[in-house]
1. Assuming R0 = 35 Å, what is the FRET efficiency of residue 251 and residue 140, from their Cβ-Cβ distance, to the nearest 0.05?
2. Give me the extension gain from residue 183 to residue 48: residue separation times 0.36 nm, minus the current Cα-Cα distance, reported in nm with one decimal.
3. Per 10 Å bin, what percent of the C-alpha pairs of region 7-88 does each bin hold, from zero upward?
4. I'd like to compare 348-357, 386-395, 144-153: which one has the highest average count of other Cβ atoms within 10 Å, and what's the full order after that?
5. Could you give the length gained on full extension between residue 34 and residue 99, defined as 0.36 nm per residue of separation minus the Cα-Cα distance, in nm?
6. How high is the FRET efficiency from residue 175 to residue 220, r the C-beta distance, R0 25 Å, rounded to 0.05?
7. Helix 259-273: angle to the longest alpha-carbon principal axis of the chain, degrees 0 to 90, nearest 10?
8. Determine the calculated [θ] at 222 nm for the chain from helices alone, applying -39500 (n - 2.57) to every DSSP H run no shorter than 4 residues and normalising by the residue count; nearest 500 deg cm²/dmol.
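Taken together, the values in this text are just the output of simple stated rules run on the coordinates, not laboratory data. Bear in mind the structure is a predicted one, so any value in this text is a computation, not a measurement. Please note: Cβ atoms are built from the backbone with ideal geometry, for glycine as well, and neighbour counts cover all protein chains shown.
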């Protein structure tokens, strides 16, 4: 038996993993009512417990169930979180966030350059640094795409990079979720958005006391609409990508990877074209958060700390430097340009980790008007990261 791969619940025991992660999701929601959950948030608890369970070998680090969460739960959650997105309120916010996005991207590039010169990554240093940089501007899709583009075919090295990348991403998510909750940080970086969110729970509880109900018709219809957005989104992406591949138009062929962008656009069309009927439906946000808490648990479970320490310590050091420089640049820009701290943390999340985690953070922390900009900026990261990664590799190697 491969003891390194052993876990109490095997990777192919899908129902066991489903039961555990749904239980962890329920615990995350319940913990929000406790002092500990209010102190560090249910999101952080879910991530930490997922990380602990996998590193204690109770659950696996990788499983087809995790792939299903990424492939189905996350795309289904995005429209559910966007069905009340009023573009009249969102667009004035998205403009300033786009500028912050550019600054955050430059912060990641600066972090790549700093890490490249401070950490000895060996003969493949330029490729390693650039691939990780692409991952922290877009996401895992860009990690894979840039690896292929730069022809880094060393499986052991790529596995070590993925381990360090996953652990670093998990720790970074914990950090940017925790920072806005710290009184000292809030004092130094004012946030009207967070102040408004802090005032919301009392009103929500009052609504619950009046007899808030979710009807089965609403849930079924909302899930159906979300699935329709996903179907049309990925269909559109594959259609345009197929045209680009046949016509040998590289930029258009890349559209096959942008299903998340198109499903977001279809969700926004439904939200704004049918605003009044959508307002009468109940349960979309709650259902979306169930999927997102599943995603948080799976993300924590994928962080193999032992593998990272054993084989990828220099790479993790590089990730630490890159993430630190990125965050420092974002925080400096936040102070200088008086950016709202909530917007800054979401932009940092969208750039470093992608649209799914950014949307989940916005929803979990009560910043509902920022969910749509977070997704859009994350998708923009997807679109640009591979090109930036390849350009960085050429520059660093020159």
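1. Numbers: r = 21 Å, r/R0 = 0.60.
About 0.95, to the nearest 0.05.
2. This chain segment gains 46.4 nm when fully extended.
3. The distribution over region 7-88 is 16, 39, 32, 10, 2, 0, given as percents.
4. On the way: 348-357: 28.5, 386-395: 20.2, 144-153: 17.7.
In descending order of packing, they fall as 348-357, 386-395, 144-153.
5. Here the segment from residue 34 to residue 99 would lengthen by 19.6 nm.
6. Plugging the Cβ-Cβ distance into 1/(1 + (r/R0)^6) gives 0.05.
7. 20
8. That calculation yields -25000 deg cm²/dmol at 222 nm.
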